[in-house]
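Only one structure is covered here, and it is reproduced in the block below.
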Amino acid sequence: MQRIGLGNTSEEISIAGLGCMYFGTRVDEKTSFRLLDMYVDHGGNFLDSANKYASWLPGFKGGESETIIGKWLKQNSAPSDLLISSKVGFHYGEIPRSLKKEIIISECEKSLHRMGVETIDIYFAHAYDRDTPIEETMEAFHQLIKAGKIRYAGASNYPGWRLEEANSVARSQGWAGYSCLQQRHTYMEPSSRAEFNNQEFLSPEIEDLCLRKGLSIIAYSPLLGGFYSRMEAPLPALYQNALNEERLLSLRNTCSETGLSPTQLVLAWMVSHSPAIIPLLGCSSSSQLEENLVAVTTSLNPDVVQRLL
Ligand SMILES: NC(=O)c1ccc[n+]([C@@H]2O[C@H](COP(=O)([O-])OP(=O)(O)OC[C@H]3O[C@@H](n4cnc5c(N)ncnc54)[C@H](OP(=O)(O)O)[C@@H]3O)[C@@H](O)[C@H]2O)c1
């Protein structure tokens, strides 16, 4: 699998990450291990998790995904360049939604412990926090980097203004700031004024900001929960608009031309973006991952990419 530079760091990250959100909950341990094995066997080096995964499912409390990653790391010799990510900032259990210093530091310790690692490679602010001074948050990430507890910080679900504010505070202090952004993004365009509760989608404005500032973009929920494998179903409510009707048509036409499934075409389109947008592959079976890995290692003719825009 192709590697690209991670933001303004000297690190190389694979062009698609493995979304581990449901590992240890909806996806049982055996299947999770199989998916992890398959992904690294195909040359992938980026695992995405979070402290709260998957606390919202009945019977679970969060930390299950990190625990599975920890167990897998113990039983396998992971590639030396593996990048493991986790996140902090959203509410789960007793932990409030917050990017206060003490929460960032204490949640990082818990994540390190659950995964059995000394360092988290990319530690994301899972959502921005209006109530905590930005200096406090950025200082906490800086402190973790200095202590070797994390290597890089990333932002997720940030509006452009907050991302720029955070990184300019970091710059003024000589701190690294955020190296990448993880946002909701797929081929379907959200309708104007669509609200995703606590989630932020990749707007053209923030995409441009990342391009100008050299931050990598990571896309979560790239497959709209599997929508592209059942396109006869209605589009999710927040995506019902005229542009997407055209996009669906274009997707269908291009599928027959390329021999790719709609799911594969969406992923291949995303990684063909310049610079590439890194999709997180969330899968519940090895056949899904197999299909998706073919997609992210397929290079699309620039002509096809142009027509899909
Ligand atoms: N930063 C954030 O706030 C945030 C939010 C959400 C997710 N994430 C990250 O992004 C990752 C992916 O998110 P997501 O699960 O929402 O992604 P998604 O791409 O929207 O949906 C993944 C689901 O699509 C279906 N699927 C995948 N490949 C398929 C295939 N080849 N054919 C048919 N169906 C297929 C599966 O559904 P079934 O299991 O039903 O078959 C799979 O669970 C997560 O694991 C997590 O790491 C981050």
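Worth pointing out:
- Across all directions, the average flat footprint of the convex hull enclosing the Cα atoms of the range 41-192 is 10.8 nm².
- Theoretical FRET efficiency, 1/(1+(r/R0)^6), r = Cβ-Cβ of Val305 and Ser10, R0 30 Å, to 0.05: 0.60
- Cross-link partners of Lys71 among lysines, defined as those whose alpha carbon lies under 29 angstrom from its own and excluding same-chain residues fewer than eight positions apart: Lys30, Lys52, Lys61, Lys87, Lys101, Lys110, Lys146, Lys149.
- On Cα atoms only, tilt of 242-258 relative to the major axis of the chain in degrees: 70
- Arg212 sits among other residues whose Cβ lies under 13 Å from its own Cβ, and their net charge, with Lys and Arg +1 and Asp and Glu -1, is -3.
- Estimated at 0.36 nm per residue, the fully extended path between Glu118 and Arg3 surpasses their Cα-Cα distance by 39.0 nm.
- Environment charge of Leu223, counting only residues whose C-beta is closer than 14 Å and scoring Lys/Arg +1, Asp/Glu -1: +1
- Kirkwood Rh in Å, taken over the chain so that all alpha-carbon pairs contribute: 19.7
- Fraction of beta bridges assigned by DSSP in the range 3-308 that are antiparallel (%, nearest 5): 15
- Axis of helix 204-213 versus longest Cα principal axis of the chain: the two differ by about 60°, to the nearest ten degrees.
- With K and R counted +1 and D and E -1, the other residues having a Cβ less than 13 Å from that of Ile95 yield a net charge of +1.
- Under the combined filter of DSSP loop state and at most 16 neighbouring Cβ atoms within 10 Å, the range 231-309 retains these GluC sites (Glu not before Pro): Glu232.
- Against the main long axis of the alpha-carbon atoms of the chain, helix 64-75 sits at an angle near 90°.
Here, each number is a calculation from the coordinates, and none is a lab measurement. In this text, all values refer to a predicted model and were calculated from it rather than measured experimentally. We place every Cβ from the backbone using ideal geometry, glycine too, and count neighbours over all the protein chains shown.
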